[in-house]
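Data first, discussion second: the structure below is written as structure tokens.
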Amino acid sequence: MAKKYKVGDKVSWNSEAGKVSGKIIKVHTKDFQYKGYTHHASKKDPQYEIKSSKTDHIAAHKGSALTLIK
């Protein structure tokens, strides 16, 4: 099971452009539509919306793709 994060946590992840960091702005525990796709989420395996620190871009990722920044 992946780590659980909460709104306000600062995290990083790998993207096509390299390492990106940002702040979690929403936690999804049910399937949701995002950018034309259905993202699957549950209470056991939530997905997170993260706002990039550099570009204000919003991304959606599973917890297994994220690393907490201290």
**OP:** Could you check how many residues of region 34-56 are part of a loop (DSSP other than H, G, I, E, B), acidic (Asp, Glu) and touching a strand residue (DSSP E or B) at 6+ places or on another chain (Cβ under 7 Å)?
**Re:** 1
**OP:** Give region 1-33 a look and list any residue that's in a loop (DSSP other than H, G, I, E, B), among the hydrophobic types (A, V, I, L, M, F, W, C), open to solvent by less than 100 Å² (accessible area, probe 1.4 Å) and touching a helix residue (DSSP H, G or I) at 6+ places or on another chain (Cβ under 9 Å), or say none.
**Re:** ALA2
**OP:** Hey, can you tell me all the residues within region 34-55 that are open to solvent by less than 60 Å² (accessible area, probe 1.4 Å) and out of contact with any helix residue (DSSP H, G or I) (no Cβ under 9 Å at 6 or more places or on another chain)?
**Re:** TYR34, HIS39, ALA41, SER42, GLU49, ILE50, SER52
Subject >> Residue satisfying all of: in region 57-69; of a type in the set (A, V, I, L, M) and assigned to a strand (DSSP E or B); most open to solvent (accessible area, probe 1.4 Å) among these >> reply: LEU68
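The values are calculated or read from the model by the stated rules, or taken from the named source; none is laboratory data. Quick caveat, the model's predicted, so the values are computed rather than measured. Cβ sites come from the backbone with ideal geometry, for glycine too, and all protein chains shown count toward neighbours. All accessible areas refer to the heavy atoms of the entire protein, side chains included, with ligands and DNA or RNA removed. Shrake-Rupley method; radii C 1.70, N 1.55, O 1.52, S 1.80 Å.
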